[in-house]
Amino acid sequence: MATTIGSGFLEAQPLTGPYPSGAPAIFIDQVARLGGKAGIVASVGNDDFGQLNLDRLRRDGVDVSAVSVSGDLPTGSAFVRYRADGGRDFVFNIKHSAAGRIEMTPAVEDLIKAAGHIHVMGSAFVIPGAADVIEAAIHAVRSRGGSVSLDPNVRKELLDSGNISQHFSSVLKVADLVLPSGEELFAAAGQSDEPSAVASLLDMGVSEVVLKRGRDGASFFGRDDTRIDCKAFVVEEVDPTGAGDCFGAAYLTSRRFGLSPEESLLRASAAGARNVTRQGPMEGLSTPSELAAFIAATPRR
Ligand code: ADP
């Protein structure tokens, strides 16, 4: 069943797509395209939408062995409505879909055993059972000396399900990197102004807070009052969906490849900006050479 937002939301709209999508899929595909070794825990239905996502992830080199294919539930889907004021609303069809079936299977256990880092998408906490899998994965990765990142990825349309803030605080206690955008910073930190929210995350033990600010760029905050601002690239925005996931993936992958926060922030900003120039949430994902060419050729604000 779809969630309705405001009056007339489900009136007929011109449609494009279907596109492979889902924040975790966009993120992990971007990691793989940048050369990172990447796997995803997810669940799809035995249908065309599930196949669309699996095909794209496989093509780009993501390990999909821990994606379960449900025999009786359809693949979760979402519609994005682009408003005239530049905002977006989402209609999700995921509550009674395969997406709600995340559990610890032998394939998930194997993927976790091979992981040196776990990236948690906050939206996963609306799935019953996902919190247990995430907790077990964090524990396993951490006990091997691995690292943890969190993108709060809070969609207002999903906030009624699950105790999101409680789940956030348990991940934040062990997270190395947090990548919020807009209000997510305040939701994650439980503070209502930027300096206090950032300080509170750093006090919790997070080493790097990277704020996504859309066309206003991005900022890095680290220990010892380190702050780096990165201006956004000048592009024509066609579709903003997926920018934050590409940005996060490029930042994390760059850091794991040993680049500095400053270089990683630049590559992340380029990945976010490139993605908004294409229609479809993961149609503008970047390879390393595409990022390098884009950075060399594109001015910043
Ligand atoms: P989210 O999708 O999580 O809300 P943002 O919209 O802030 O994230 O996008 C992530 C990053 O992508 C931004 O910090 C910025 O660097 C880049 N970006 C997003 N939109 C644009 C845009 N219109 N022009 C240039 N860069 C953009």
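Considering only F257, G217, T241, the residue lying farthest towards the positive end of the dipole of region 215-273 is F257, judged by Cα position with unit charges set on Cβ.
Which distance in Å, rounded to a whole number, links the C-alpha centroids of region 11-28 and region 84-150? About 19 Å separates the Cα centre of region 11-28 from the one of region 84-150.
Could you please rank K173, K231, placing first whichever residue has the fewest other Cβ atoms within 10 Å of its Cβ?
On the way: K173 12, K231 15.
So the residues, fewest neighbours to most, are K173, K231.
Across the chain, Cα pairs under 8 Å and at least six residues apart give a relative contact order of 15 percent.
Where Rh is the Kirkwood radius over the Cα pairs of the chain, the temperature 25 °C and the viscosity 0.890 mPa s, what D in µm²/s does Stokes-Einstein return? Present the calculation step by step, with values, prior to reporting the outcome.
Values: Rh = 19.5 Å.
Reported coefficient: 126 µm²/s.
Annotation: the antiparallel percentage among DSSP beta bridges lying fully within region 109-260 is about 50. Kirkwood radius, region 52-147, all distinct C-alpha pairs, inverse of mean reciprocal distance: 15.3 Å.
Annotation: the residues Y19, Y82, sorted from fewest to most other C-beta atoms within 10 Å of their own C-beta, follow the order Y82, Y19.
Which order do the peptides 277-287, 20-30 come out in when sorted by mean C-beta neighbours inside 10 angstrom, highest first?
Values: 277-287: 19.5, 20-30: 25.2.
Top to bottom by mean Cβ count within 10 Å: 20-30, 277-287.
Straight-line reach from K212: taking Cα to Cα under 13 Å and skipping same-chain neighbours fewer than 8 places apart, the aspartates and glutamates in range are D151, E183, E184, E194, D229, D245.
The charge dipole of the chain, taken about the Cα centre with unit charges on the Cβ atoms of Lys, Arg (+1) and Asp, Glu (-1), comes to about 520 debye, rounded to the nearest 20. The GluC sites (Glu not before Pro) of region 219-266 that meet both conditions, a loop assignment by DSSP and at most 16 other Cβ atoms within 10 Å of the site Cβ, are E236, E237.
Run the helix sum for the chain: -39,500 (n - 2.57) per DSSP H stretch of 4+ residues, divided by residue count, reported at 222 nm to the nearest 500 deg cm²/dmol. Could you put the intermediate results ahead of the total?
Details: 10 runs with 112 residues, N = 301.
Theoretical 222 nm ellipticity from helices: -11500 deg cm²/dmol.
If neighbour count is taken as other Cβ atoms inside 10 Å, put T253, T16 in order from fewest to most. Intermediate values should be presented prior to the final figure.
Working: T253 25, T16 10.
Listed from fewest to most nearby Cβ atoms, that is T16, T253.
At q = 0.13, 0.14 Å⁻¹, work out log10 I(q)/I(0) for region 188-269 with the Debye formula, treating every Cα as an identical point scatterer and leaving solvent out; two decimals please. After summing over all Cα pairs, the log10 values are -0.42, -0.49.
The numbers here are math on the coordinates, done by the rules we state, and not lab data. Quick caveat: nothing in here was measured; it's all calculated off a predicted structure. Positions of Cβ are generated from backbone atoms using ideal geometry, with glycine treated the same way; all protein chains shown enter the neighbour counts.
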